[in-house]
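S.K.: Supplied in structure tokens, the structure appears directly below.
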Amino acid sequence: MGVVIDFDLSTVLFLGLVWVGAIIFLKFKKRKDFTYLLFFTVFYVYMAKLIDVTQFPMYFSESMRINIGQNVWGNMNLMPFFTITEKSTITSALNILITIPFGFGMPFISGLRARGVVIAGCATSLLLEFFQFIIALMAGFTFRVVDINDVIFNTFGVIIGYMIFVGFVRICRFAVNKFGICQNDILKYVLERPQIK
């Protein structure tokens, strides 16, 4: 037997309590309006799902270690592009896709420009890989290989997401000016993003 920690109801409740605390702090201490809180909530849900996908389930089982476990140190890859194979290109593409929303969403909840968003995305990816490594050390085996390529492709996804953000805001501005679209609070918030002059 062993222990399996999954992204279950208790995890959701914990993250829900953290969200409530963050909303209260942002609303009453930072004086954020409803529109900002909406964008923050969407980004928070995305981050929770990102943690779910990259960290859970966590296996602490001797039988799992024997059957599927890989050596924590021996299977780690710190050489960029060294382990890229035809099979791993799917994983690489998924690593890009899962961080596109980070690059798109971060500018809506912060004043960070391109460089800051990319640094924040890269740091987040490094943190996720670090937690995978710590969990593997605690379990004595790994079923998720700690790989520098994951960080590289995650960061590339953040860059793509930021480029989509820039294009999205510019298209919205063009459409509003061209067609005289009536602006609500959410559209105004999008149009007024300070990252794009």
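S.K.: Can you tell me which of Ala123, Ala93, Ala114 is within 12 Å of the chain's Cα centre (by Cα) and open to solvent by 40 Å² or more (accessible area, probe 1.4 Å)?
M.R.: The unique qualifying residue is Ala123.
S.K.: Which residues, taken from region 132-167, are surrounded by fewer than 15 Cβ atoms within 10 Å (Cβ to Cβ) and either small (Gly, Ala, Ser) or modelled with pLDDT of 95 or more (or both)?
M.R.: Within region 132-167, Gly140, Met163, Ile164, Gly167 meet the criteria.
S.K.: Mind listing whichever residues of region 96-111 are surrounded by fewer than 17 Cβ atoms within 10 Å (Cβ to Cβ) and in a loop (DSSP other than H, G, I, E, B)?
M.R.: Ser110, Gly111, listed by residue number.
S.K.: So, in region 22-38, exactly how many residues are surrounded by 12 or more Cβ atoms within 10 Å (Cβ to Cβ), free of Cβ contacts under 8 Å to residues at least 24 places away in the same chain and either of a type in the set (A, V, I, L, M) or assigned to a helix (DSSP H, G or I) (or both)?
M.R.: 5
S.K.: Filter region 41-77 down to residues that are more than 23 Å from Gly103 (Cα to Cα) and open to solvent by 40 Å² or more (accessible area, probe 1.4 Å), then give me how many there are.
M.R.: The qualifying residues number 15.
S.K.: List every residue pair whose Cβ atoms lie under 8 Å apart, where the two residues are 6 or more positions apart in sequence or sit on different chains, the first residue falls within region 39-56 and is touching a residue at least 40 places away in the same chain (Cβ under 8 Å), and the second residue, located anywhere, is among the basic types (Lys, Arg) and open to solvent by 60 Å² or more (accessible area, probe 1.4 Å).
M.R.: From region 39-56, the pairs are Phe40/Lys32.
The values are calculated or read from the model by the stated rules, or taken from the named source; none is laboratory data. Here the structure is a predicted model, which means the values were calculated and not measured. Because the Cβ atoms are built from the backbone with ideal geometry, glycine has one as well, and the counts that use them run over all protein chains shown. We work out accessible area using only protein heavy atoms, side chains counted, and drop any ligands, DNA or RNA first. Shrake-Rupley method; radii C 1.70, N 1.55, O 1.52, S 1.80 Å.
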